[in-house]
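S.K.: Please see the structure below; I have some questions.
Quick note: the coordinates plus some simple rules give every number you see, no bench work behind them. These numbers come from a predicted model, not from an experiment. Cβ: placed from backbone, ideal geometry, glycine included. Neighbour counts: every protein chain shown.
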Amino acid sequence: MPAILTVDRNSSEDAQQREIVVKLDGKQIAELTYGQSVTTEILAGPHTLLVDNTWNRKSAQFVANDGDSIRFLAKNQSSRFPNFSSCSSAPARSAFLSTVNKPRTVVGPAF
């Protein structure tokens, strides 16, 4: 039985700008805008999840076991640092990735 991987982009803290490209083991599986999610079956074993908003990227490595339900939260956050581009007054955006529940648990505590 395969594991299930879900990546949500629904945080109230999301800047709601820019798309986030989601890659699993180097292959694109989604391009998420705010409010979207992607769910896919994955094989047991080690994996690398990468989110990239074209300005910044974050990755997480995890091991999936058969029957796992693994969730990650991806979001764009406004930077607290000034934007050094003289061409734009918009704040810098950074990609953020966190686990919602621990691997190998169907329902787990939030981190």
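S.K.: Through the Karplus equation 6.51 cos²θ - 1.76 cosθ + 1.60, θ set to phi - 60°, convert the phi angles of the stretch 22-27 into ³J(HN,Hα) values in whole Hz; use x for Gly and Pro.
M.R.: Along the stretch 22-27, the couplings run 10, 10, 10, 6, x, 10 Hz.
S.K.: Continuing with this model, one more query. What list of ³J(HN,Hα) couplings, whole Hz, do you get for the stretch 33-44 from phi and the Karplus terms 6.51, -1.76, 1.60, once you set θ to phi - 60° and write x for glycine and proline?
M.R.: Working through the residues one at a time gives 9, 4, x, 9, 8, 9, 10, 8, 7, 10, 6, 5 Hz.
S.K.: Going through the stretch 1-38, which GluC sites (Glu not before Pro) have at most 11 other Cβ atoms within 10 Å and a DSSP loop state?
M.R.: E13
S.K.: Here is a further query. Using r as the Cβ-Cβ distance of E13 and D66, and R0 as 35 Å, what FRET efficiency do you calculate, to the nearest 0.05?
M.R.: 0.60
S.K.: Let me ask another. Counting only residues 5 or more places away or on other chains, whose amide H sits under 5 Å from the amide H of A44 once H atoms are built in the peptide plane?
M.R.: Those qualifying (amide H under 5 Å, at least 5 residues apart or on another chain) are A3.
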